[in-house]
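Here the structure comes first, spelled out in structure tokens, and everything after it is commentary.
The values are calculated or read from the model by the stated rules, or taken from the named source; none is laboratory data. No experiment lies behind these values; they were computed from the predicted model shown. All Cβ positions, even for glycine, are placed from backbone atoms using ideal geometry, and neighbour counts span all protein chains on display. When the accessible area is computed, the model is the full protein with side chains, heavy atoms only, and any ligands, DNA or RNA have been set aside. Shrake-Rupley method; radii C 1.70, N 1.55, O 1.52, S 1.80 Å.
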Amino acid sequence: MGLLARIRKEWFIIGIVLVILSAKLQPSVGVKGGPLRPEVTVAYFAVSLIFFNSGLSLRTEELTSALLHFRLHLFVQSFTLIFFPLAVWLLLRVLELTPIDQWLLKGLQTVSCMPPPVSSAVILTRAVGGNEAAAIFNSAFGSFLGIVVTPVLLLLFLGSSSSVPFSSIFSQLFMTVVVPLIVGQVCRRFLREFLERKKPPFGAVSSAVLLMIIYTTFCETFSNPNIELDPTSLLLVVLIIFCIQISFMLLTFAFSTTSGSGFSPADTVAVIFCSTHKSLTLGIPMLKIVFEGYEHLSLISVPLLIYHPSQILLGSVLVPTIRSWMTGRQKGRIPTLLRAER
């Protein structure tokens, strides 16, 4: 793959690095009261645009084929929004005894509270040849569920460091997340044929808006001289994130392949990806709302910014191994993942 092709493929990850560097060089542009006016453009218009775009792009008509697979849906949503946050909370009780930056550790907890993403889990499930309909359903349903559950989990595990009262947080979430999502779905009903024919770049639009949100978040941080990021803590958090992802992928694989699970090999593929992936697109805007005005917001956001590319990288690397395992099971053989790797 040539350099230009690689840049086109990884433009969002490159964009994250560039906007953070830009925020470091000129933080005054994206702070409150600055030229970009993030207290209005980001807090309301940018976040609303992301969720309107999600509503417009979400093919709810494709979910009906997977609707009745209750056991799979219950497992995925319970693992993602109950087991994952609790397991990380217990892990952090140990990690708090280490010298790792406490705000990065809080960021790990915010990652655990996020719903599954709409895109990456589905793409990887499709690449393996797993149950794509189940992946689509759980990603979409998890996103809707996350609108309510994720803020509650964030407030439960971390509390709100904002002066904004609880009721105001949910009213803003409703107006900037729920309403645009519903409006997007309504518009899709009338524009479905046009959208399917033209195939607008929904993902690219949301990613571009998300870069603006990330930029203004880090502008606030770099404008505060009292906040510094410890490189050692950052490296340790990267390693912890990879360990969490690998451990949870193995755990979901073990549970979904037990004799009493009732899951097919294709179901297991969807379970592995949907249960362990976390949404950056939903996560960053929610953090901006729940922790509005909090000076350590960008440090708390760092683990989520790391988790997003690492889940895609790790998932992509494991696609051939998981596909080999699934093919073997479907042909009647029972190889383990370790045999498939060989």
Within segment 164-172, identify whether any single residue is within 20 Å of K106 (Cβ to Cβ), modelled with pLDDT under 80, hydrophobic (A, V, I, L, M, F, W, C) and crowded, with 19+ Cβ neighbours inside 10 Å, and answer yes or no. yes
State whether the residues of segment 224-232 include one that is part of a helix (DSSP H, G or I) and surrounded by fewer than 19 Cβ atoms within 10 Å (Cβ to Cβ). yes
If a residue has to be part of a helix (DSSP H, G or I) and either open to solvent by 50 Å² or more (accessible area, probe 1.4 Å) or among the hydrophobic types (A, V, I, L, M, F, W, C) (or both) to count, how many in segment 245-260 make the cut? 9
List pairs: first residue in segment 281-308 and modelled with pLDDT of 80 or more and among the hydroxyl-bearing types (S, T, Y), second residue open to solvent by less than 10 Å² (accessible area, probe 1.4 Å) and in a loop (DSSP other than H, G, I, E, B) anywhere in the structure, Cβ distance under 6 angstrom, at least six positions apart or on different chains. Y307/K278
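For segment 126-150, how many residues are over 16 Å from the mean Cα position of the chain (by Cα) and either surrounded by 24 or more Cβ atoms within 10 Å (Cβ to Cβ) or hydroxyl-bearing (S, T, Y) (or both)?
Of all residues in segment 126-150, those over 16 Å from the mean Cα position of the chain (by Cα) come to 126-134.
From the residues that got through so far, the ones that are either surrounded by 24 or more Cβ atoms within 10 Å (Cβ to Cβ) or hydroxyl-bearing (S, T, Y) (or both) too are 128, 130-131, 134.
The qualifying residues number 4.
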(1) in a helix (DSSP H, G or I); (2) surrounded by 11 or more Cβ atoms within 10 Å (Cβ to Cβ): which one isn't true of G34, the others all being true? (1)
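Being under 30 Å from W325 (Cα atoms), touching a residue at least 60 places away in the same chain (Cβ under 8 Å) and surrounded by fewer than 20 Cβ atoms within 10 Å (Cβ to Cβ) narrows it down to one residue among F273, F242, F263, F202; which is it?
F242
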Run L181 past the list (1) more than 30 Å from K24 (Cα to Cα); (2) among the aliphatic types (A, V, I, L, M); (3) over 18 Å from the mean Cα position of the chain (by Cα) and report the number of the one that doesn't hold. (3)
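Please note which helices (runs of 4 or more DSSP H) are completely contained in segment 37-122 and include at least 3 residues that are modelled with pLDDT under 85.
On the way: elements: 47-57, 70-78, 84-95, 102-112.
Hits in segment 37-122: 47-57.
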